[in-house]
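All remarks here apply to the structure that follows.
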Amino acid sequence: MISFADIALDFLKNLFSFDKAHPLLFTQFYFWAFFALVFAVFCLIKNKCLLRNIFLFFVSLFFYFKTSGLFVLILIFITLYNFFAAKWLNTRKKNGSRNVILGLSVIVNLSILCYFKYAYFLTDVVNNLTGLEFRVFDIFSWAGNQITGDTRFSVDVIVLPVGISFYTFQAISYIMDVYRKRIEPVRNIFDFGFYVSFFPQLVAGPIVRANEFIPQLHKKYFLSRRQFGIAVFWIMNGLVKKIVLSDYIAVNFIDRVFDRPLLYTGFENLMALFGYSLQVYADFSGYTDIAIGVAMLMGFYLPKNFNSPYKAKDPGEFWNRWHMSLSRWLKDYLYIPLGGNRNATFGTFCIIIMLAAIAVFLSGSWWIGLGVGVLAVILTLVAIFKPEKRKTITTEINRMDTMLLGGLWHGASWNFVIWGGLNGIGMIFYHFWKDWSIYGRTLFIMAVTFLLRVLCVYVPQPVFTLLFVWCMIVLGGNVLRMLYNLFGFKKPLQWLQDAWAVFQTFTFITFTRLFFRSGSNLDPAVANETAWSTAKNMVNQMGSRWDWSIVPNIIVHYRVVFSLILIGMVIHWLPENFKRRYRIWFAKMPILLMIVVCAAIVFVIYQFITADLQAFIYFQF
């Protein structure tokens, strides 16, 4: 007979053990039970700031343990190291010693990140460059085996800790801001630990700046009636985005196509690619919405991380609206130190030359080498004979460096570097494109379209067909605009121009996502080869001849998925003022009515829950 003590012992064992198959997710009932208990205790100590911060620090460590197991030790090390490094940095007055401490701190943080995240990628690069056969070795698993006298930990596989990129970047920004004397070092280790590990945003951001969050640690708890309603709204909004929009369309359509693109038609591949743009937005912004709502209930305010990014009219604006905390981080701690829009530094040329050289060598293609060489010669000649253009050239190289490394931050695969590079090319091209007249734009796109048509005829490739179709669409829009001007209509149709710009930007961003999605959720050991194969197969399917007769049947078959994609995009493109009004309307509801509405939303969400709850996409970053 099982005793109460045995039941209690099993319960405690499950509570304080890590189950890799069932991590704590915002979409699980167990998380909300966990949060209910945390919030109940929090309410008892909410105005005792130090006690509250200590409690939430240990709660956050427990949350990370339930999410990532023993990797909580990495989080604890980063917390302790950066706390004491900032103290040490603040005691030094000479720039030389301060520079050494800063450099050492950045190296320590990035070394940990690189070891766990880029070990496979760097090993693959070294092996290809040297012809050697290095293999990854998990030194932490080896140490664990030595300590326990067992072989329970595999030393041949390095597992990526959840959210390591987010809290590492957060720690680096803290050290950098202390170095720049923007903030004073945090005096209490528990306050600093709470800042680094605050559980709502710990594993998928947003990346929180110390000067924005640390002052909140010492404020008395306050939550107005309207703020409570807004917090509940963000939680509900995030759950709908994640489960109804992201998970449902992924499981029932997008994942199937990306897993086996050759089994699906070109139309299905194209719809999966556009659907993925909605999926990744709904997934990541859904997580952020929930994190903002949960934090707000406890009186803390996280920065806005998304601002309707698919309303952007150009690639640069897109990155001002998408993952805004990362974009700001890259601007402040990478783009500006490289020289920004002022000048070039050693790093400016070192990064771009190193990545280009590796790409040329690994590809083994003399065409790529020739292209890189010609581009380098052109830029050098322009810089020599037109000195006034040097600043523009260095600015664009700094921008490209930032996007390449931003792509690499997202994943240890060349597909992510390609994705970042394409975004950089888009931003750079737009800076030149916007200064051209409508006649210059039309002539340019006409010449490119003609060239692609020639390639389609004499060197037929699916990628040329895709580019030709896209250029025909862009050419059509430019011709209409040019004719509008030629016939004397001087007043621009601003709403139409904006809609056309949004459409072009959304399409461009969507096609760059081909490399982002095909490189995600892969075993790092085979990521590069598998990702490239997926991207190539999808391009081949989309760029081959379509059988239009079966398209209506496909639409009918996936009518629920396509309807959700359409509804999601329409909601996304609604005016911001309209969205603000219904948020406030929800927040002002009587509590009883709010409970009824939330219950109805939860009921609808439940209808869309898939058999296996899907982890948030950005957990892998």
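Charged side chains reduced to their Cβ positions (Lys and Arg at +1, Asp and Glu at -1) give the chain a dipole of some 2560 debye around its Cα centre.
Please work out how much length the chain gains when fully extended from N128 to T380, using 0.36 nm per residue of separation minus the C-alpha to C-alpha distance, in nm with one decimal. Intermediate results must be reported in sequence, preceding the final value.
On the way: separation 252, 0.36 × 252 = 90.72 nm, distance 2.99 nm.
Gain on extension, N128 to T380, equals 87.7 nm.
One compactness figure for region 370-482 is 1.25, namely its Cα radius of gyration divided by 2.2 N^0.38 Å. Atom-type composition of the exposed protein surface of the chain places 69 percent of the accessible area on carbon and sulfur (1.4 angstrom probe). Using a cut-off of 27 Å between alpha-carbon atoms, which lysines can reach K389, once sequence neighbours fewer than 8 places away in the same chain are excluded? By straight Cα distance, K389 reaches K313, K331, K434. Straight-line reach from K242: taking Cα to Cα under 16 Å and skipping same-chain neighbours fewer than 8 places apart, the aspartates and glutamates in range are D255, D283, D289, D612. Given a Förster distance of 35 angstrom, what is the FRET efficiency for Y439 paired with N320, based on the Cβ-Cβ distance and rounded to 0.05? Given R0 = 35 Å and the Cβ-Cβ separation, E is 0.75. Within a straight-line Cα-Cα reach of under 25 Å, K220 can be paired with the following lysines, leaving aside sequence neighbours fewer than 8 residues apart in one chain: K46, K48, K304, K588.
When every alpha-carbon pair in region 262-306 is counted, what percent end up more than 15 Å apart? Don't skip to the answer; put the middle values down first.
Working: 560 of 990 pairs.
When all Cα pairs of region 262-306 are counted, 57 percent exceed 15 Å.
Sorted largest first, the principal axis extents computed over the alpha-carbon atoms of the chain equal 80, 62, 51 Å. Of all complete DSSP H helices in the chain, those with a Cα span along the helix axis of 20 Å or greater and a mean Kyte-Doolittle hydropathy of 1.0 or more are 29-45, 49-68, 72-91, 346-363, 366-385, 438-458, 462-486, 591-608. If the segment from L574 to V100 were pulled out straight at 0.36 nm per residue, it would be longer than the present Cα-Cα gap by 165.6 nm. For region 171-233, the spread of Cα coordinates along the three principal axes comes to 40, 26, 20 Å, biggest extent given first.
A crude spin-label estimate for the pair F487 and N211, with each label 7 Å from Cα along the Cβ direction, gives 5.4 nm. The residues of the chain present an accessible area of 50 Å² per residue when probed at 1.4 Å with all protein chains retained. The slack between F137 and D498, meaning 0.36 nm per residue of separation minus the straight C-alpha distance, is 124.8 nm.
The values are calculated or read from the model by the stated rules, or taken from the named source; none is laboratory data. Keep in mind that this is a model prediction, so the values were computed, not measured. Neighbour counts run over all protein chains shown; Cβ positions are idealised from the backbone, glycine included. These accessible areas exclude ligands, DNA and RNA; they are computed on the full protein's heavy atoms, side chains included. Shrake-Rupley method; radii C 1.70, N 1.55, O 1.52, S 1.80 Å.
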